[in-house]
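S.K.: Got a structure for you, written out below as structure tokens; questions coming shortly.
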Amino acid sequence: MKDFSPIFKTLWKNKTGPMLLILQIAVAFTILTNVSFMASSKLHDLTAPSGLDEDVLFSFRANLPVESSDYVALLDQDLRDIKELNSVERITVTNSVPLAGWGVFYLLTENEDPESYIASAGAYSGSREYMDTLGFEIIMGRWFEESEIAYASDSFDDLSNSILVTKELAKRISPNDWSAAVGSTVYIHARAYQIVGIIDRLIATWPEWHGNERSVVFPAYIFTGENRFIVRAKPGQLEQAMDDVKSLLMQQPGRFVTDLNTFKHTRETGYKSMESSFIILTSVTIALIMLTMLGVFGQARFTLMKRRRQIGTRRALGASKFQIMRFYILENLIVVGIGVILGCLCAVIANVKLIELFRQDAVPYEYFLYGGLSVFVASLIAVIPTAYNAANTSPAIATRSV
Amino acid sequence: MLKMRGVAKSFITDTVKTQALHPFDLEIQQGEFVAVVGPSGSGKTTFLNIAGLLEEHTEGQYFLDEKETTGLSDKFKSSLRNQKIGFIFQSFNLIPELNLFDNVEMPLRYRDFSAKERSERVLNALEQVGLAGRKSHYPQQLSGGQQQRVAIARALAGSPSFLLADEPTGNLDSKMAEGIMSLLKDINKQGTSILMVTHDMDQAQQASRIVEIRDGYLNEQKVAKTA
Amino acid sequence: MGNYYFKLAWLSFKKTPLLSLLMVGTISVGIAAAMITITVGYMMGKNPLPDKSERVAMVHLNSWDPSQPISYRKNGEPDIPNMLTYQDAMALLAADKADKHVPFVSFNTSVRAEADDVTSAQTHNIRSTSRHFFSVFGAPFIYGSTWSAEADQQGQSVIVLSKRENDRLFDGANSVGENIILGTQLYRVVGVIDDWQPTPKFYVNAFDMYTPTLPYFVPLESQIRNNFFSPTTMGWYCWGDDASSTLQEVMSSECVWIRFWVEFESEQSKQAYFQFMEDYTEEQRKVGRFLRPEPNRLMTVTEFLEEEGAVSEENKLGIVYALAFLFACLCNVMSLMMTKFHGKGGEVGLRRAVGATKQHIAVQFGCESILVGFLGGVIGLALAQLGLAALTDMYPEYHANVMTMNLTLMVSTVALAIGTSLLFGLWPIYRATRTQLSSQLKSL
């Protein structure tokens, strides 16, 4: 392209403006790649399915206002009474509610030695109707036998040693073929457990935890002075079921029922801060693109102001409008291109530093590609009006005195 | 008052030396009205820039009120321009966003005058050019001739030793030009020296002396004094 | 003279409104982004007890499982619990080696005023602690005062409540002497504290540091007497085979669940106290406890905040990004200033011709940069307030204190805008002063 050499010459002659623009684009691009990556990983987490039939579920916490010797009897009574409500389909008692943010996690090991670490996993306990209440799917193996599900006060140590794991956890246990995890043995707190089934998806209780696709389920009616329950309402009767459950339980003196929330609410609350971060990161991404456009626009205006006469002369000497526009756009692309290349370098360096300092995930390379492309497109949009304006410079301006 | 000895100006570009002005001597006394004439490209502007301390000469000596100006610092030259020289430009060069008062006051701002003295001087100068009543107007509200009068007031406000006028009537029609010329002559009669570049031989004839610049050479022309 | 230049700057600002607004807008957006993140970081990292942060310390005893550590620190070293077992907490209280002791836990129960109907009861978290909680952590009383030493020892059913709860239950009246029912227990009000939100709330874990303070306070011993136990909401860690399904079992187990702070009159006694902790550990080792190698810790407020990472990594990263964003904005402003000052070449030539020195020109354009920076700063401040208000909405789990600018931050916002705009104006100003002088000035 014969335009290149004059463009470089002009750029070199008035370095400051283009250099500022390059610097600005480089910095903006560095942030852009990192921030947009962060935004899209948040989006990924936000939209991840929980594995639950979210529309019909709600959960609450209630106490057992009796002596501890009567806990089991009252728990059984409560479960029976609630299930008999017309608006309720099923109920389970559990130790923690998915995405509610409170629960326990365990470290799974290959054998008794704590060094043989496999993965950490969020732990749930489920009573008989746990699977049918939550509505997740077992894709391999089976649900617990009736005989395996026991009453447990606080730890799962005195229970049957059958457990279920999620598919993501199975992949850690048996990296080559996750389905082979069924029947294998893992250790938790140096006690052996046998995996009897694999759940497709069951999200752990901490919304922002990276490993929240890894859960393990123990067969148990968990009971303490206070319990968490998850209830599946009959379709369309969610509100009704919540009212019914509350008024039923409150008939007992000394009872409290709290944290009575639909699962949708739990999910929204759990993801609130992540959603906020996503909004912020997205707005930063947009602001950066706009800033870049502004910079390109300003720079193009400035050069146009300085070059009006020169452009007029070119037009007078026979340059077509198209040629003037091409010159402008090429010049812009060169500046933006240098900015993006420099930005890529900075972004890679920043990324390495960020991984060291803030333990961030590395930005995948397609972000550089798409980031670069969007900066190019944005800059084109910003430069075209000015280029058009330049191309429409009247040739007569050349003959006019300054 | 203004004395130039062997002053010359040359540029060196791409190893070629260009002599813009060949060495010349020139002396202007207090109260003189000197016209500088010559075709364009002859070195008039360079001469004016040197006389106005806007450009450094490359040879010779230039005395302003007995003071050697060669090699003075930028700061010192700025204050000489401010106190000794009043500039009048072909295109008036008033600042559009300032009103007449502020435009005339501008050079005084670069001097240690009290607000009161500045104000007195501005009003006097505007009075002198007959625009005292319009001090709050903006330049674009005036005709070209009036604008040039404001520019003259701005040049006069600091009571300079001489006025440096670069084609002061170049952008005006002949009627307005006449008015400006008579104003300049009045000012000259009151004792301010004037050095004026012009194309117009008629105007040049109204000066007390004419200096011609041609191809970088400066020559004194004898003028038939009008009585 | 300054006045004159600011007038000129304002005229020049108005002359090219689009350019000026772009400059101001760009600066204000950059400044707002920077100051929002800085505000959050600054408020999160603030010293909440400036006058005695070195004299108030948290006791960490290494009573944990000899077979494996409770967790690992960021640097990979084994960590020790930052809470105590009941028996250790009681032993430290009995030894009485510090000037003030503040053990605390929390429990969850229903609360109502005695006169109110049963159905009006609300479930609340109750802070169960010692009488010194308020004086050590700086909570001010509006009515009454903290409970007596006897109340601590005998576990009397007395309660201190927050202003907000007092407004709700007693319409803001002086409620000292009134009764409140916790669960099924009658508690007598002894004091009401004013709205109080230390930022950060340094005495708990990082993830709790920006949440609101609890609204009710009772003596720890009264919780035990009345058997309040909230296994599903309190933070606690257990190891070993001890049963832990009732409060009594937890109290006799190796579970850690009590946070323990102490205050000293002088920093010297802190040394002595640490020695006492070591002696206590030695003694316990003789009976087969405290078998892990990692040393105990006596962490001052500042040390604990540092260790817990009161300002999260994500926050620091946000500040870095926002500053980079500001930098990019300023590059933009610099190039706009180049345009602006370039367009004023004629005026510069004129002013130079009539006697302005380069310094005069530099001052004139300096004032213009300052004006742009000032306007950018003021608008940036307003944007930052909007942004912070939005953040307060978006992160309800953080107390609004964290997203509030104090006067220092507000002044810094404007100062930062002016400073940076002047700094990035230096080169355009320098270039402007270099304008060629000529009598053939272009028309302005």
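Here, each number is a calculation from the coordinates, and none is a lab measurement. Quick caveat, the model's predicted, so the values are computed rather than measured. Neighbour counts are summed over all protein chains in view; Cβ atoms, including those assigned to glycine, are modelled from backbone coordinates with ideal geometry.
S.K.: Could you check the simple spin-label distance between C:ASN406 and B:GLN190, using points 7 Å along Cα→Cβ, in nm with one decimal?
M.R.: Label-label distance for C:ASN406 and B:GLN190, simple model: 6.4 nm.
S.K.: For the pairs A:LYS353/C:LYS46; B:LYS44/C:LYS15; B:LYS3/B:LYS189; B:LYS135/B:LYS189; B:LYS135/C:LYS14; C:LYS97/C:LYS201, note any where the Cα-Cα span goes beyond 29 Å. Could you put the intermediate results ahead of the total?
M.R.: On the way: A:LYS353/C:LYS46 26 Å; B:LYS44/C:LYS15 34 Å; B:LYS3/B:LYS189 21 Å; B:LYS135/B:LYS189 25 Å; B:LYS135/C:LYS14 21 Å; C:LYS97/C:LYS201 25 Å.
Among A:LYS353/C:LYS46; B:LYS44/C:LYS15; B:LYS3/B:LYS189; B:LYS135/B:LYS189; B:LYS135/C:LYS14; C:LYS97/C:LYS201, the Cα-Cα distance tops 29 Å for B:LYS44/C:LYS15.
S.K.: Largest first and in whole Å, give the semi-axes of the range B:116-168's equivalent ellipsoid, each being the square root of 5 times a Cα gyration tensor eigenvalue. Working shown, then result.
M.R.: Working: eigenvalues 58, 53, 11 Å².
Square roots of five times the eigenvalues give 17, 16, 7 Å.
S.K.: Spin-label point model (7 Å from Cα, Cβ direction): what's the A:THR313 to C:ASP393 distance in nm?
M.R.: 5.6 nm
S.K.: Where the eigenvalues come from the Cα gyration tensor of the protein assembly as shown, what are the semi-axes √(5λ) of the equivalent ellipsoid, largest first, in whole Å? Let's see the in-between values first.
M.R.: Numbers: eigenvalues 1383, 224, 129 Å².
Each semi-axis is √(5λ); the values are 83, 33, 25 Å.
S.K.: Using 1/(1 + (r/R0)^6) with R0 = 45 angstrom and r between the beta carbons of A:LYS15 and B:LYS175, what's the FRET efficiency to the nearest 0.05?
M.R.: My answer for the efficiency is 0.35.
S.K.: Check each of the trypsin sites (Lys or Arg not before Pro) in the range A:323-395 and keep only those in coil by DSSP with at most 11 other C-beta atoms within 10 angstrom; list them in order. Let's see the in-between values first.
M.R.: Details: sites: A:ARG326, A:LYS353, A:ARG359; in loops: A:ARG359.
The qualifying sites are A:ARG359.
S.K.: Still on this model: Restricting things to alpha carbons, find the Rg to Rh ratio for the range C:356-444 using the Kirkwood radius for Rh.
M.R.: Working: Rg = 19.5 Å, Rh = 15.6 Å.
We get a ratio of 1.25 for the range C:356-444.
S.K.: While we're looking at this one, here's another question. Read phi for every residue in the range A:239-254 and hand back ³J(HN,Hα) as whole Hz from Karplus 6.51 cos²θ - 1.76 cosθ + 1.60, θ = phi - 60°, with x for Gly and Pro.
M.R.: Per residue, the Karplus-derived 3J(HN,Hα) values read 4, 4, 4, 5, 5, 4, 4, 4, 5, 4, 5, 5, 5, 7, x, x Hz.
S.K.: Okay, moving on. To one decimal place, what orientation-averaged projected area in nm² is obtained for the convex hull of the Cα set of the range B:23-77? Don't skip to the end; give the middle numbers.
M.R.: Values: hull surface 17.7 nm².
For the range B:23-77, averaging the hull's shadow over all directions gives 4.4 nm².
S.K.: Please report how far the C-alpha centroid of the range C:179-232 lies from that of the range B:147-167, rounded to the nearest whole angstrom.
M.R.: One Cα centre to the other: 83 Å.
S.K.: Then there is this: Across peptide C:329-342, how many C-beta atoms of other chains are within 10 Å of each residue C-beta, on average?
M.R.: Shielding by partners across C:329-342 averages 6.
S.K.: Please sort by residue number the GluC sites (Glu not before Pro) in the range A:77-118 whose DSSP state is loop and whose Cβ has at most 13 other Cβ atoms within 10 Å. Please report the intermediate quantities before stating the final value.
M.R.: On the way: sites: A:GLU84, A:GLU89, A:GLU110, A:GLU112, A:GLU115; in loops: A:GLU110, A:GLU112, A:GLU115.
Answer in residue order: A:GLU112, A:GLU115.
S.K.: Also, I was wondering about something else. How many partner chain Cβ atoms sit within 10 Å of a residue's Cβ in peptide C:391-403, on average, as a whole number? Could the numbers behind the result be given before it?
M.R.: Details: counts 2, 0, 2, 7, 5, 4, 4, 1, 0, 0, 0, 0, 0.
For this peptide, the per-residue mean of nearby foreign Cβ atoms is 2.
S.K.: Tell me, C:LYS340, B:LYS116, A:LYS42 in order of fewest to most beta-carbon neighbours within 10 Å?
M.R.: Details: C:LYS340 26, B:LYS116 8, A:LYS42 21.
Fewest to most other Cβ atoms nearby, the residues stand as B:LYS116, A:LYS42, C:LYS340.
S.K.: List the GluC sites (Glu not before Pro) within the range C:219-326 that fall in a DSSP loop (any state other than H, G, I, E or B) and whose Cβ has at most 15 other Cβ atoms within 10 Å. Intermediate values should be presented prior to the final figure.
M.R.: Working: sites: C:GLU221, C:GLU249, C:GLU254, C:GLU263, C:GLU265, C:GLU267, C:GLU278, C:GLU282, C:GLU283, C:GLU303, C:GLU306, C:GLU307, C:GLU308, C:GLU313, C:GLU314; in loops: C:GLU254, C:GLU265.
Hits after loop and neighbour filter: C:GLU265.
S.K.: Whose amide H sits under 5 Å from the amide H of B:VAL36, counting only residues 5 or more places off or on another chain, with H placed in the peptide plane?
M.R.: Close amide H contacts, sequence-distant or interchain: B:MET196, B:VAL197, B:THR198, B:VAL211.
S.K.: Normalised by the residues of chain B, what does the relative contact order come to in percent, with Cα pairs under 8 Å and at least six apart? The partial results should precede the final answer.
M.R.: Numbers: 427 pairs, mean separation 67.6, N = 227.
So the answer I get is 30 percent.
S.K.: Going 7 Å from the Cα of A:GLU208 along its beta-carbon direction, which residues of the range A:80-119 have the amide nitrogen within less than 19 Å of the resulting point?
M.R.: A:97-105
S.K.: Now, a different point. What does the average come to when, for each residue of peptide C:225-237, you count the partner chain Cβ atoms lying within 10 Å of its Cβ? Intermediate results must be reported in sequence, preceding the final value.
M.R.: Values: counts 0, 0, 1, 1, 3, 5, 5, 14, 5, 0, 1, 0, 1.
The per-residue average across the peptide is 3.
S.K.: Once the cut-off is 18 Å, how many percent of the Cα-Cα pairs in the range C:84-233 end up in the long-distance tail? Walk me through the intermediate numbers first.
M.R.: Values: 6263 of 11175 pairs.
Summing the P(r) of the range C:84-233 above 18 Å gives 56 percent of all pairs.
S.K.: Sort C:ASP152, B:ASP173, A:ASP81, C:ASP117 so the one with the fewest other Cβ atoms within 10 Å of its own Cβ comes first.
M.R.: On the way: C:ASP152 22, B:ASP173 11, A:ASP81 15, C:ASP117 8.
The fewest-first ordering by Cβ neighbours comes to C:ASP117, B:ASP173, A:ASP81, C:ASP152.
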